[in-house]
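As structure tokens, the structure follows; a few thoughts come after it.
The values are calculated or read from the model by the stated rules, or taken from the named source; none is laboratory data. A quick note: this is a predicted structure, and the numbers were derived from the prediction, not measured. Don't worry about glycine lacking a Cβ; one is built from the backbone with ideal geometry, like all the others, and counts go over all protein chains shown. Calculation scope for accessible area: heavy atoms of the full protein, side chains included, ligands and nucleic acids excluded. Shrake-Rupley method; radii C 1.70, N 1.55, O 1.52, S 1.80 Å.
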Amino acid sequence: MDTTTTGLLSALTTRLDSIDQSAVLRAAAIAVPVALVSLPLMTIGRMGSKFIDAKRTENALIAAGVPHETEFWHPVWGIGELMAKMSVSKVMAFLTERHGGAVIFRGLHKTSLLVTDPKIAQLIIGKYNLPKGDYSSVEGLLGNSMLTTNGAEWSHKRKAVNPAFRVSFLQNILLPITVDRTGEMFDVMFPNSPAGGSVNLQDLFSKITLDVIGLAGFEYVFFYVILVGSFCD
């Protein structure tokens, strides 16, 4: 050990020895409870701020005449109770059926505009080029991808996948594969569907999607669509 290192260690040891341990313990006894109380208060404060912003946005959209749910709506948690009983996809289908191609909804501290009308979607995306919403809650699942990014970063990622959207690729590769896997789905679905029973199409469509991705993107056959499993209720 060289002289410089020895000197530093000696100075550090001297400094530690000079600290009043009882004072440190007293400070810790005060700081820890304060931290335990402050963290929940900070969280509540952030949630409160988001709730106020969400209510402000909701009120502005309602005042502008955008359709919104009233029967299953609460002034505090919005349609939170409905969202607790149904999946997100079912809530969206329910709202679209009741209110048409554009409807606003709020789940406690987040207000969303649900657009299913193609013309309205084209106006929003093409003319106004509005940014995507906040995906921070599912960032671990979606990552920093085209689904979550905006602006120049989105453009950079979009260019990387442009070959997958070429007309020649869609016509010569993707379309035949999709038709083939859809036919396979029907061949599996009809013989295994109980007479008068129901079929879980969402599960089947997921299997088709995985098969098409495997074949078109990696030339690999997953055979997911022929795995009968639990798609018939």
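Run the 1.4 Å probe and let me know the accessible area of S10, rounded to the nearest 10 Å².
70
Mind checking the full-extension length gain between A160 and M92? Use 0.36 nm per residue of separation minus the Cα-Cα distance, one decimal, nm.
Values: separation 68, 0.36 × 68 = 24.48 nm, distance 3.12 nm.
Value of the extension gain: 21.4 nm.
So which lysines can K90 reach, going by Cα to Cα under 26 Å and dropping same-chain residues fewer than 8 places off?
K50, K55, K110, K119, K132, K207
Which distance in nm do the two modelled labels at Y128 and L170 give, with both placed 7 Å along the Cα-to-Cβ direction?
For Y128 paired with L170, the spin-label model returns 2.6 nm.
Please find the FRET efficiency linking M146 to V76, where r is the Cβ-Cβ separation and R0 is fixed at 30 Å, and quote it to the nearest 0.05.
Working: r = 35 Å, r/R0 = 1.17.
The computed FRET efficiency comes out at 0.30.
Between beta-carbons, use under 15 Å as the cut-off and find the net charge around D211, counting Lys and Arg +1, Asp and Glu -1. All intermediate terms of the calculation are to be shown ahead of the outcome.
On the way: positive: R181, K207; negative: D180, E184, D187, D203, E219.
Neighbour charge sum, excluding D211 itself: -3.
Might you work out the accessible area of F94 for me, using a 1.4 Å probe with all protein chains in place, and round it to the nearest 10 Å²?
50
At a 1.4 Å probe radius, which order do E69, E153 fall into by accessible area, largest first?
Values: E69 5, E153 85 Å².
Result of the area sort, largest leading: E153, E69.
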